[in-house]
Structure formats: C-alpha cells, structure tokens
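Asks: This is the structure, below, for whatever I ask next.
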Amino acid sequence: MSRDDQIVDFMEVLARQLRIRERLATTRWRTADKVVETAAYHCLFRLNEAPARSGELAEALFSDPSTISRHVAQLVKLGYVRREADPNDGRATILVVTESGAKRVAELKIRRSEELQKMLSDWDDGDLDTLTRLLGRYVDAAERSLIEYNAMPAGSGKG
C-alpha cells in the first residue's frame with residue numbers, strides 16, 4: 001500500500017471519528033435542573049485544571065470568545081463556575097470552578113472511564129498502549145499545525 005493510500009485510509013477513519021465527535025458535541029447531558037451542551041463541559045474540565053480568564057480559555061480550547069462566553073454563562077448559572085477578580089489585575093475577572101463544578105467533573109470522569117472500559121474491554125494492554133501513544137503523537141502534530149496555521153499572516157493562504 002502506498003503512502004497516499006495509507007493517508008486516504010487514515011482520513012476515512014478520522015472522518016468516521018469526527019462524525020461521532022460532532023454527534024457528541026451536539027448531545028446535551030441532563031443535570032438536576034438543566035441540560036448542558038457537551039461543549040460547555042470542555043470549558044468546565046479545562047477550568048478544573050486551573051482558573052483562567054475567558055480569553056485564555058478560548059485560546060486553550062481553540063474556540064471563539066463569544067462561544068466560550070455563552071458556555072461560561074451557562075456554567076455560572078448552574079453554579080459550576082464563578083467569576084472572581086483577577087489577583088494580577090483587579091479590573092479583569094478569572095473563571096474559577098466551584099466545589100459543585102469540581103464534583104460534576106469527577107462524576108463525569110468516572111462515567112467516561114466506565115464507558116471507555118466497556119468499549120475497550122476486548123483490547124489487550126499492548127494495543128491500548130499503542131493506541132494511546134500513536135493518537136498522542138497525532139494530536140500533538142495536529143495542535144502544532146493549528147498553532148502554526150493561526151500564526152500565519154492574513155492573506156497567506158489562511159481561510
């Protein structure tokens with residue numbers, strides 16, 4: 001099989017995976033009082049790692065600031081995130097996960113882990129290690145490519 005054929009095969013598998021991801025991105029998960037878009041949970045998971053300004057969060061998630069703002073507003077309303085004065089600049093605010101938000105992240109991590117355990121139950125440890133290593137390499141390359149693409153000056157092929 002040629003390298004071109006391998007790339008075509010990979011693109012077909014990746015397209016299938018992206019369709020699944022798009023479907024999941026439009027899925028809404030129920031909470032006790034609301035539904036939350038899956039994409040909003042990406043914000044919550046990232047903020048659970050460290051507080052951030054809204055713009056920093058948008059940059060970290062490769063997302064539009066207005067989209068992040070909408071998701072953060074939903075998370076604040078649910079009590080998962082709160083706004084605090086930025087200790088480095090009192091005029092700005094940072095987004096901080098609340099205790100309730102951290103609990104929700106922990107619940108979702110358990111749920112996600114259980115689902116992956118079921119999906120990969122017939123995989124041996126070596127196959128799972130190989131998948132993780134190779135997918136990690138692919139994601140690293142994709143992130144580098146996206147960063148380089150976003151750094152291109154206007155009119156240089158971007159768009």
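Asks: Using helices alone, I'd like the mean residue ellipticity at 222 nm for the chain: each DSSP H run of four-plus residues gives -39500 (n - 2.57), total over residue count, nearest 500.
Replies: On the way: 6 runs with 104 residues, N = 159.
Calculated from helices alone, the mean residue ellipticity at 222 nm is -22000 deg cm²/dmol.
Asks: Please go through segment 90-159 and write out the trypsin sites (Lys or Arg not before Pro) that DSSP classes as loop and that have at most 11 other C-beta atoms within 10 Å. Write out the running numbers ahead of the final one.
Replies: On the way: sites: R91, K103, R104, K109, R111, R112, K118, R133, R137, R144, K158; in loops: K158.
Counting only loop positions with at most 11 other Cβ atoms within 10 Å, the trypsin sites (Lys or Arg not before Pro) in segment 90-159 are K158.
Asks: In addition: Of the residues D64, D86, D127, which exhibits the maximal mean-square fluctuation in a Gaussian network model of the chain defined by a 10 Å Cα contact cut-off?
Replies: For the chain, modelled as a Gaussian network with Cα springs under 10 Å, the answer is D127.
Asks: Return the label of the correct value of Rg and Dmax of the Cα atoms in Å, as calculated from the structure shown, out of [x] 15.6, 46; [y] 18.8, 60; [z] 15.0, 46.
Replies: [y]
Asks: Between E59 and R16, with labels modelled 7 Å along Cα→Cβ, what's the label distance in nm to one decimal, could you check?
Replies: 3.8
Asks: Pick out the long, greasy-scoring helices in the chain: whole DSSP H runs spanning 15 Å or more along their own axis by Cα, mean Kyte-Doolittle at least -1.0.
Replies: Numbers: long enough: 3-26 (34 Å, -0.44); 38-49 (17 Å, -0.02); 65-77 (18 Å, -0.04); 99-119 (30 Å, -1.09); 125-151 (39 Å, -0.39).
For the chain, where a helix must reach 15 Å along its axis and average at least -1.0, the hits are 3-26, 38-49, 65-77, 125-151.
Asks: If I take every Cα pair under 8 Å that is 6 or more residues apart in the chain, average their sequence separation and divide by the length, what percent do I get for the relative contact order? Could you put the intermediate results ahead of the total?
Replies: Numbers: 112 pairs, mean separation 23.1, N = 159.
Normalised by residue count, the contact order of the chain is 15 percent.
Asks: If the reach is capped at under 13 angstrom between alpha carbons, list the aspartates and glutamates near K77, excluding any in the same chain fewer than eight residues apart.
Replies: Leaving aside aspartates and glutamates fewer than 8 places away in the same chain, those within reach of K77 are D33.
Asks: Which order do H71, H42 take by accessible area at a 1.4 Å probe, largest first? Kindly include the intermediate steps, with their values, before the conclusion.
Replies: Numbers: H71 5, H42 90 Å².
Correct descending sequence by accessible area is H42, H71.
Asks: Go through segment 81-159 and name the chymotrypsin sites (Phe, Trp or Tyr not before Pro) that are in a DSSP coil and have 12 or fewer other Cβ atoms within 10 Å of their Cβ.
Replies: Working: sites: W123, Y138, Y149; in loops: W123.
Within segment 81-159, the qualifying chymotrypsin sites (Phe, Trp or Tyr not before Pro) (loop, at most 12 other Cβ atoms within 10 Å) are W123.
The values are calculated or read from the model by the stated rules, or taken from the named source; none is laboratory data. This is a predicted model, so every value here is computed, not measured. Counting neighbours? That spans all protein chains shown, and the Cβs are built from the backbone with ideal geometry, glycine included. Side chains included, ligands, DNA and RNA excluded: accessible areas come from the protein's heavy atoms. Shrake-Rupley method; radii C 1.70, N 1.55, O 1.52, S 1.80 Å.
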